Amino acid sequence: MASQSLELKTSFKVDGTIESIFTGGKASLSADSSQLFTMFGDDVVVTDLDSGVQKLRIQGAHEAPVLAMDVDSTSTLVSTGSADSTVKVWDVDRGYCTHNFKGHGGIVSVVKFHPNPKNLLLVSGSDDCKICLWDLNSRLCIAALTSHVSVIRGLDFSPDGEFLFSGSRDKVINKWNLKALELTKTIPIFESIEALSIVNHNNTHVICTGGDKGIVRLWDMETGELILAQEKDINSHHQISGMIWSESTQTIVAVTSDQNILFYDVNSLKRTRQIAGYNEEVLDICFVGETESHLAVVTNTEQIRIYDIEKRDCDIVFGHSDIVLCVVPFSNGKLMASGSKDHTAMLWSVNPTADPDMRYVHLGTCIGHTDSVTAVAAPCSNMSSAGQFIITGSQDRTIKMWEIGDIAKCGNSETKFKAKYTFQAHDKDIQSIAVAPNNKLFVSGALDRTAKMWSVADGALVGTFKGHKRGIWCVKFSPIDQIVATASTDKSIKLWNINDFTCIRTFEGHLNTVLNVSFLTAGMQLVSTGSDGLVKLWTIKDNECVATLDNHNDRIWGLAVDRSEQHVLSGSSDSTITIWKDVTAEEKKEEAQKSVERIIKEQDLSLLLLRKDYKSAVLLAMQLDQPYRILTILSDVRKAATVSLTESTDAERVDTDLDVTSVTGSKSLDALIQNLPSETLEQLLLYIRDWNTHSKHVQVTQALLYLILKGYNPSVLIELPKAKEILEGLLPYNERHFVHANELLKKSHVLEYTLKYMDSLMNSVDSNMILDE
């Protein structure tokens, strides 16, 4: 187990996301099986299968939803078919349309490139029951094949490219001779076909189909006999809506109606890999596995999805017959429990490194609740196998404790656990249950505004926490102190003393319901999520929110913290899971390094001023973002320039850069201001805007503005990102300075008149004195 740092956390950043890439329809693979092409709404998404990174998104490929897609053998072209009855061909690298075919009389349901890259042929099927053959060279439809009586869902070519196989919802496969353009064989398969592909099974090419039965089946191309069929997963309700054959990996890729992408070994039809295309609304998440390398996710489906956090691969676990609402890991990471709307809780073994069929095994079921199981809890610390238990809470307002005994002896999905005790715990739906670190107490929270603490041994009530104004969504024990945290619809988090059941802290800051909360940093901090789509980090001692994390567009139900507390994961109704990484140490180290660099630059700035290198000093002060220092330098230079240089008795101390005729008082500064890069020029203009609000700085600001307006083309100034903001700040004060200057000018004329009148009087007096003499 990784050790926890006791340094208070102050900052997290997004370290990755698990997001949806597929909302239904068709999907396709590149020829080397390295890229997956999927449809997300009206867009086409290209995903790298090795890293899970989204490489490209072709936005708005059609004016209507995209329903069909295929990639050519060179992986440079992708074809899409749409509900607007058109077929388009796209350049993968550049994302632009190269062909736009019109000819179908209905929704385009399937498209397929010819496997030979020299044969530029594209075929498409539609709900007009017609197959169109398109020549990419001539951009024309060269033939239309008709025989099916329902929408065409699957198209593929024979290995030699001379025959075309088509599958339809009319439950038959047709074989077409492409040279003669005629039907040569019809194979009935008694299933509405949703997908069809030609695959290599045990060195023999066979037809692979999928449809409303939700299983993959292999058929002989010549006789039409069934060769192999897989068994249907328990409680799975999906249909197969698409099929891809990967020649390079000898893998069948099935696309399901619930937006999952399943990879099967062609010889055994056993699942080797899964990708969850769309998560819908994420309801709960938790880390599983001994090393916490995987994440269990429950959405508003009957499935539990287990993600490899690093590779983004996903295992889909079937067992529940209705939506799974909650999931919790056991402390050793080898077990997890889940609760569902099917009124049951289930126990699962967890071994992510095992073969796909043995990674997540159903060990037993807790049956007894009369309504949805909304909360499930497991021991917080390791204990003997014989003492293991599960506690469940339900919308039937009861709590049940299940002794699961020796896990090694728990058999399979047929095992039924017995409840040790059952009691009505609350007056409204129970939303959360948490077990104390010593496994002797547990606390429950419900929509009746109360949280209650109970004895694990016999279910006896120990005490009640009252104080919330609205329902409670989450309860948690502190890992260190005798404290319980509760999160409520009243937008607050409360901390309670479990000895006297009093509220000792209240945290307010969320804009809406607080849905989840967890302790961090040995119980010294809290992290919470809410309906406002925000994740907040709190310091308990200061009762202060130290960070607000925003990367979701909807309410955040799920919250998981790994053992090292280096990562916090949040799962939201926007179907995304965000991985937050603690960067407190990195930021402090970076800040310390910046502080050292700043001190060095401050010293350099002082030396530059001593050397009277004003140009370099101004540039360095701008790097340090010290506007007042820059203003002081400019003011001092203007004053120094007005001093007569001839008064200096030491010729060596005469600064030849100072020039009273220059605008700033320094020739080098004038040249610098008129040759600044755009970013630095904008920074200086923002400084000038602020300085210009004070009349005592007007001489410096107006001199700088004069240089800038004279030295730069107006087009350069207009293109500055903050040009409007700067102009709006300068204009009113410049108008005020102009009015003030005019008033001074008028007053100077009066003074000049007075002086001249005085001179004339003095001259008159002098003349009279001469005459008198």
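Every read-out reported here was derived from the displayed coordinates using simple, explicitly stated rules and does not represent laboratory data. Worth saying up front: this structure is predicted, and the values here are computed from it rather than measured. Glycine gets a Cβ as well: all are built from the backbone with ideal geometry, and neighbour counts include every protein chain shown.
A few notes on this one:
- Sites Lys185 and Gln250, calculated FRET efficiency, Cβ-Cβ separation with R0 35 Å, nearest 0.05: 0.85
- Percentage of interatomic Cα-Cα distances in the stretch 208-354 larger than 27 Å: 26
- Dipole of the chain, positive end: most advanced residue of Leu526, Ile579, Gly24 [Cβ charges, Cα centre]: Leu526
- Here's how it looks for Ala446: its modeled amide H is under 5 Å from those of Gln431, Ile472, which are all 5 or more places away or on a different chain.
- Cut-off 10 Å between beta-carbons: net charge of the residues surrounding Gln566, Lys and Arg +1, Asp and Glu -1: -1
- Legend: calculated FRET efficiency, Glu587 to Leu6, from the Cβ-Cβ distance at R0 = 22 Å, rounded to 0.05, equals 0.80.
- Relative contact order (percent, whole number), the stretch 23-146, Cα cutoff 8 Å, 6+ residue spacing: 15
- Computed from backbone phi, the HN-Hα couplings of the stretch 173-190 come to 10, 10, 10, 10, 8, 6, 6, 7, 6, 9, 7, 10, 7, 10, 10, x, 10, 6 Hz, rounded to whole numbers (Karplus: 6.51 cos²θ - 1.76 cosθ + 1.60, θ = phi - 60°; Gly and Pro given as x).
- Relative intensity of the stretch 23-146 on a log10 scale, I(q)/I(0) at q = 0.14, 0.17, 0.20, 0.23 Å⁻¹, equals -0.53, -0.79, -1.09, -1.41, per a Debye sum over C-alpha point scatterers of equal strength in the absence of solvent.
- Pair Ser606, Val750: separation of 7 Å Cα→Cβ label points (nm): 5.0
- The order of Ser715, Ser73, Ser488, Ser51, going from fewest to most other C-beta atoms within 10 Å of their C-beta, is Ser715, Ser51, Ser73, Ser488.
- Potential lengthening between Ser138 and Ala460 on full extension [0.36 nm per residue; Cα-Cα distance subtracted]: 107.8 nm
- Taking N as the residue count of the stretch 588-748, its C-alpha radius of gyration divided by 2.2 N^0.38 Å amounts to 1.16.
- Couplings 3J(HN,Hα) for the stretch 367-372, derived from phi with the Karplus relation 6.51 cos²θ - 1.76 cosθ + 1.60 (θ = phi - 60°), are 10, x, 5, 9, 8, 4 Hz, where x marks Gly and Pro.
- Every pair of different Cα atoms in the stretch 204-251 enters the Kirkwood calculation, which places the hydrodynamic radius at 11.9 Å.
- Binning the C-alpha pair distances of the stretch 302-421 at 5 Å intervals from 0 yields a P(r) profile of 2, 12, 22, 25, 20, 12, 4, 1, 0 %, listed from the shortest bin outward.
- Residue order for Met221, Met243, fewest other beta carbons within 10 angstrom first, comes to Met221, Met243.
- Within the chain, helices built from complete DSSP H runs that reach 15 Å or longer along their own axis (Cα positions) and carry a mean Kyte-Doolittle hydropathy of 0.5 or higher are 698-711.
- Three-way shape label, the stretch 283-582, alpha-carbon gyration tensor, a/c 1.5: oblate
- Cβ-placed point charges (K, R +1; D, E -1), dipole of the chain about Cα centre in debye, nearest 20: 1480
- Amide H within-cut-off set for Ser340, under 5 Å, with H built and near neighbours excluded: Leu325, Val373
- Charge tally in the Cβ shell below 12 Å around Ile21, where Lys, Arg are +1 and Asp, Glu are -1, Ile21 excluded: 0
- Our helix-only sum for the chain, with -39,500 (n - 2.57) per DSSP H run of n ≥ 4 divided by its residues, gives a mean residue ellipticity at 222 nm of -6500 deg cm²/dmol.
- Neighbourhood charge, 14 Å Cβ-Cβ cut-off, centred on Asp532 and excluding it, Lys, Arg +1 and Asp, Glu -1: -2
- Distances between placed amide hydrogens fall under 5 Å for Leu441 paired with Ala436, Val456, all partners being 5 or more residues away or on another chain.
- Projecting the Cα atoms of Leu549, His468, Asn692 onto the dipole axis of the chain, where Lys and Arg carry +1 and Asp and Glu carry -1 at the beta carbon, places His468 farthest toward the positive end.
- Relative contact order, percent, the stretch 588-748 [alpha-carbon distance under 8 Å, six or more residues apart]: 16
- Lys, Arg +1 and Asp, Glu -1 on Cβ, resulting dipole of the stretch 283-582 about Cα centre, debye, nearest 20: 800
- Normalised contact order of the chain, rounded percent, pairs of Cα under 8 Å and 6 or more residues apart: 7
- Here the scattering of the chain is modelled by Debye summation over its C-alpha atoms, one equal scatterer each and no solvent; at q = 0.10 Å⁻¹ the log10 of I(q)/I(0) is -1.04.
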